1. Hey, can you tell me all the residues within region 296-318 that are closer than 14 Å to residue 92 by Cβ and of a type in the set (Ser, Thr, Tyr)?
2. Out of 86, 52, 134, I need the residue that is at pLDDT 95 or above, assigned to a loop (DSSP other than H, G, I, E, B) and β-branched (Val, Ile, Thr). Which one?
3. Quickly run through region 551-576 and pick out the residues that are outside any loop (DSSP other than H, G, I, E, B), among the polar types (S, T, N, Q) and either open to solvent by 60 Å² or more (accessible area, probe 1.4 Å) or under 21 Å from residue 540 (Cα atoms) (or both).
4. Given the structure, is residue 621 open to solvent by less than 70 Å² (accessible area, probe 1.4 Å) and either farther than 30 Å from residue 171 by Cβ or of a type outside the set (Asp, Glu) (or both)?
5. Go through (1) in contact with a Lys or Arg (Cβ under 9 Å, 6 or more places away or on another chain); (2) surrounded by 23 or more Cβ atoms within 10 Å (Cβ to Cβ); (3) of a type outside the set (Asp, Glu) for residue 418 and report which single condition fails.
6. If you check residue 484 against the conditions, is it in contact with a helix residue (DSSP H, G or I) (Cβ under 8 Å, 6 or more places away or on another chain) and either crowded, with 21+ Cβ neighbours inside 10 Å or part of a strand (DSSP E or B) (or both)?
7. When you check residue 532 against the structure, is it open to solvent by less than 10 Å² (accessible area, probe 1.4 Å) and outside any strand (DSSP E or B), yes or no?
8. Going residue by residue through region 402-413, is there one that turns out to be hydroxyl-bearing (Ser, Thr, Tyr), under 30 Å from residue 378 (Cβ atoms) and surrounded by 23 or more Cβ atoms within 10 Å (Cβ to Cβ)?
Amino acid sequence: MSETIHRVQDSWRKGALIDEATYRSWYERSVTDPDGFWGEHGRRLDWFKPYTKVKNASFDGDVSIKWFEDGELNVSHNCIDRHLATRGDQIAIIWEGDDPSEDKRITYRQLHEAVCRYANVLKAQGVKKGDRVTIYMPMIVETAYAMLACTRIGAIHSVVFGGFSPDSLAGRIVDCKSDVVITADEGLRGGRKVPLKENADKAAEIAAAAGNTVRKVLVVRRTGGKVNWVEGRDLWLDEAASEASPECPAEPMKAEDPLFILYTSGSTGKPKGVLHTTGGYLVHVSMTHQYIFDYHDGDIYWCTADVGWVTGHSYILYGPLANGATTLMFEGVPNYPDASRFWQVVDKHKVNIFYTAPTAIRALMGAGDEWVKKGKRTSLRILGSVGEPINPEAWEWYFNVVGEGRCPVVDTWWQTENGGILIAPLPGATDLKPGSATRPFFGVVPRIIDNEGNTVEGAGSGNLCIAEPWPGMMRTVYGDHARFVETYFSTYKGLYFTGDGCRRDEDGYYWITGRVDDVLNVSGHRMGTAEVESALVAHEKVSEAAVVGYPHDVKGQGIYCYVTLMEGETGSDELRKELIAHVRKEIGPIAAPDKIQFAPALPKTRSAKIMRRILRKIAEDDFGSLGDTSTLADPSVVDDLIANRQNKR
Ligand code: WTA
């Protein structure tokens, strides 16, 4: 197979933290002597009590993962306090508002003061070590304060993306038995207001009905919009913080104490509370941030993700701040006020390292090169991509048009469960192949298993597993360890199964081909087909639903729904709109279906199992190769599905 290769350029190699020889020797040591390797690199953090044990982890049996277990540290201390002596007046966070005229610069000293104040408010409101605090916020600096304040006192945060509905928020509040919610009056994105407080109020009602009372709602003023107020429960957080003490000692935490919960979708059931712990996570995210983005002191770094997703946790906040970096937080969207916004922001703040998602790259590519050329982009040095496979055309456009052929593109593969990046190039070491996430990071041992369960050696494709524990990985599903073991370690014994398909080429490069399970990746947002299906069947006119993904030019995948209606109901465009609105309300706007096909019946086997393979093919408009349909209970169902397909090319 002929593939384009972009060799490491001299300018990338010059001054880079890791060269090819170092990559090879460190990688070798990381997998042959993990205790020695991580024991050494764990010391990149400040430990209140140094660890003497490094790795105590196994993928067998009950799956127990512990790193640095007898060490003690605090994340907010590592992200803030330890930088004060040397870089107290350096900018920690540059905030760029939705409106281009609004921005802020927060130094490490100011961050320290703000986080201490927030931490003191949390304490005064009765939040204690180990309590779960739900954070439902827009992209404002106060969100960073809130998250860091939790880590300072040892509370476990559960950040819920601001685009989720009250129902989704409530489900997450109830699942982790959280009784404190931090939110804002309203969010602001692309000039539009998001009613966060109103949603949080509704979520609190739903949670209460499920037996989980929300005791406190702490509200940050963002827009000044009118909000409903529950006396005794609600508190203006920014006001309380300004009256609180600016000093708050950082609580010493055991390395394996929980740091945060982040809900993510799987192929079955409701979203899982992925639990990350303190020490290993911070070692992993700080180290990957430094080496994969070749972060040097003074660099301005911008990750465009939302803090509601894992990328925001690990690569807007914890990784960069642990490294004493200047990290940019952007409230807005790529196309507001116009499609040159990213490049305007890059020029305005002299961004050196820029990390975004393929869906944004494809959307901006579609808008035309002229928008990119409105910015100079001369400050850019490194470009990153994350969240879904990046197609080679988009990769080349990013490299050639945005980066003008000067900047390496680091395509970073990882998952919420992983904590931080697992497969990615290193700018000064790795030759790049557009569409490949290239090679494993230190300590990461990928293994490919074919559909017969055999290990694929050398070049070949199959299901991507990871064979050895790494420090940043999740420790459990919050409150359900059996589900953790079942979901990730039961498909292939002794291996962590990622749910992704993958190919390894002759050079040992990894090419992620996307999910092999029933998880969709829509514009980099992960969601389970089962979640969308259960939202659909909750509608009174729907009797049955099956949801599959189909290739979408900008979103990567679109959401295609087959819907069987109740007796006596008929499908119409109006009902389509109603169902789309219904799913938006149940889950959130990110789950809005792209296509709805009304189907008198779904293709089922004689044992009543829906044959998704057929539904996927029809959604892709690829029904010439449906394969064997003879096992269907009623093969004629397929003809109707084909005739009424919604995705004719
Ligand atoms: C996909 C986001 C190809 C993959 C950090 C994974 C990718 C899922 C890449 C995790 C990439 C993420 N190339 N696919 N560079 N990055 N994915 O949990 O399918 O939101 O399993 O974590 O996104 O999504 P999650």
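The values are calculated or read from the model by the stated rules, or taken from the named source; none is laboratory data. All values derive from a computational prediction rather than experimental measurement. Neighbour counts are summed over all protein chains in view; Cβ atoms, including those assigned to glycine, are modelled from backbone coordinates with ideal geometry. Protein only, heavy atoms only, side chains kept; ligands, DNA and RNA dropped before computing areas. Shrake-Rupley method; radii C 1.70, N 1.55, O 1.52, S 1.80 Å.
1. Scanning region 296-318 gives 301, 318.
2. Answer to the check: 52.
3. Within region 551-576, the subset outside any loop (DSSP other than H, G, I, E, B) is 551-552, 556-565, 573-576.
Pick out the ones that are also among the polar types (S, T, N, Q) and you get 557, 564.
If the condition is that a residue be outside any loop (DSSP other than H, G, I, E, B), among the polar types (S, T, N, Q) and either open to solvent by 60 Å² or more (accessible area, probe 1.4 Å) or under 21 Å from residue 540 (Cα atoms) (or both), then 564 is the only one that fits.
4. Numbers: open to solvent by less than 70 Å² (accessible area, probe 1.4 Å): yes; either farther than 30 Å from residue 171 by Cβ or of a type outside the set (Asp, Glu) (or both): yes.
Yes; evaluated as a whole, the condition is true for this residue.
5. It is condition (1) that residue 418 fails.
6. Values: in contact with a helix residue (DSSP H, G or I) (Cβ under 8 Å, 6 or more places away or on another chain): no; either crowded, with 21+ Cβ neighbours inside 10 Å or part of a strand (DSSP E or B) (or both): yes.
Here the answer is no, as residue 484 does not meet what is asked.
7. Against the criterion (open to solvent by less than 10 Å² (accessible area, probe 1.4 Å) and outside any strand (DSSP E or B)), residue 532 qualifies.
8. Restricting attention to region 402-413, the residues satisfying the condition of being hydroxyl-bearing (Ser, Thr, Tyr) are 412.
With under 30 Å from residue 378 (Cβ atoms) added as a condition, the list becomes 412.
If we keep only those that are surrounded by 23 or more Cβ atoms within 10 Å (Cβ to Cβ) as well, we get 412.
Yes, some residue in region 402-413 is hydroxyl-bearing (Ser, Thr, Tyr), under 30 Å from residue 378 (Cβ atoms) and surrounded by 23 or more Cβ atoms within 10 Å (Cβ to Cβ).
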